[in-house]
Every structure is written in C-alpha cells, then in structure tokens.
Amino acid sequence: MTQSLAAVLIVLAFLQASPSSQTVHETTVLVDRIVFEPTKQPERIQIWGTFNGKRGFLYFRLPPGLPREYPDVALILSDWDYLEFVVSSGKPVQLQSLEVLRVHTDGEWPIAPSVYPRGADRGRLVKRDPALIREQFIEALKQ
C-alpha cells in the first residue's frame, strides 16, 4: 500500500512539473531591429518591434556564469541568430515563454536586462517557421 501511494505521488509530482501543465504566454512580434551588446560575442540583446500591437522592445541577457558552449546558452544564441535573420524577412514571429515578457516602451532606456527566459518549445523562446529556417539555411550556404 505504501509503495503504491509513493508511486502515485511521484506521478502527480511529475505531471505538475511537466511543461504541458505550465502556462505558455504567447506574444506575436514584428521585429524591426536587433541590437547585440557587445556586437562581437553578444551577452545581451534588445529586440525592437511591435508586440501584439504595442511598440517597444525586450531586453535580455545570457544567464550569468555559464560558458557559451553550455547547451542552454547555445540554444539562446541560436534563438538570437534566428531573430536576426527574421528582421530581414519582414515576417512576424511567435514568442512562447513560460513567464510573462515585459515589453519596454519606446521612451524607456535599455537598462537592467532580464535573464533570457526559458521558452515553451523545448527551451526555445522563438517558435520556428520551417519556411524561414529553409531560407536561413540557403542564405548561410551562399556565404
């Protein structure tokens, strides 16, 4: 009896911790420009554009203390590369975060960046568009 109760509690804990049980906050953004800080090997990013009809920007930084080769950091940097490519496409992108994203208004100064949030799509914040991924791949082959 005790073992079956323990098994039920483990299953319930797993279900509560699984991403499917978490709230996903979706934001549609038409990206105008991306600003990397510093420009070589960026540690911070400003994402300027229109977010669900509201002009402004998001300001993020890499998680502190992790090397660039760390899988979570590599995932973030691939999101940033994709966002940079999206600017040239003129197409909106979908951001899917496990937390509410704070959109700064046009008049605010970009100070105190937030840690880049964990996304809902296998850790990615930016939902990928397969057609844009193909375009990005073709562009990379041309260079």
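Quick one: GLU69 ticks every box in (1) acidic (Asp, Glu); (2) touching a residue at least 12 places away in the same chain (Cβ under 8 Å); (3) out of contact with any helix residue (DSSP H, G or I) (no Cβ under 9 Å at 6 or more places or on another chain) except a single one, so which number is it?
(2)
Determine whether segment 92-102 contains at least one residue that is surrounded by fewer than 13 Cβ atoms within 10 Å (Cβ to Cβ), over 19 Å from THR23 (Cβ atoms) and not β-branched (Val, Ile, Thr).
No, the conditions are met nowhere in segment 92-102.
Can you name the residue in segment 103-143 that is surrounded by 15 or more Cβ atoms within 10 Å (Cβ to Cβ) and among the β-branched types (Val, Ile, Thr) and, of all such residues, is nearest to LEU58 (Cα to Cα)?
VAL103
Could you tell me whether any residue of segment 38-50 is crowded, with 16+ Cβ neighbours inside 10 Å and either free of Cβ contacts under 8 Å to residues at least 24 places away in the same chain or touching a Ser or Thr at 6+ places or on another chain (Cβ under 9 Å) (or both)?
yes
Inside segment 3-118, counting only strands (runs of 3 or more DSSP E) that do not spill past its ends, which hold 3 or more residues that are under 26 Å from ASP129 (Cβ atoms) and modelled with pLDDT under 90?
On the way: elements: 25-37, 44-51, 54-61, 93-97.
Per the criteria, 25-37, 93-97.
Within segment 119-143, take every residue that is part of a loop (DSSP other than H, G, I, E, B) and among the charged types (D, E, K, R) and give me the one that is modelled with the lowest pLDDT. Walk me through how you get there before you give the answer.
Residues of segment 119-143 part of a loop (DSSP other than H, G, I, E, B): 120, 122, 125, 128-129, 143.
Those still in the list that are among the charged types (D, E, K, R) too: 122, 128-129.
Working: ARG122: 66, ARG128: 78, ASP129: 77.
The selected residue is ARG122.
The values are calculated or read from the model by the stated rules, or taken from the named source; none is laboratory data. Only a predicted model underlies this, so the values are computations on that prediction, with no experimental measurement involved. No Cβ is skipped: glycine too gets one built from the backbone with ideal geometry, and neighbour counts run over all protein chains shown.
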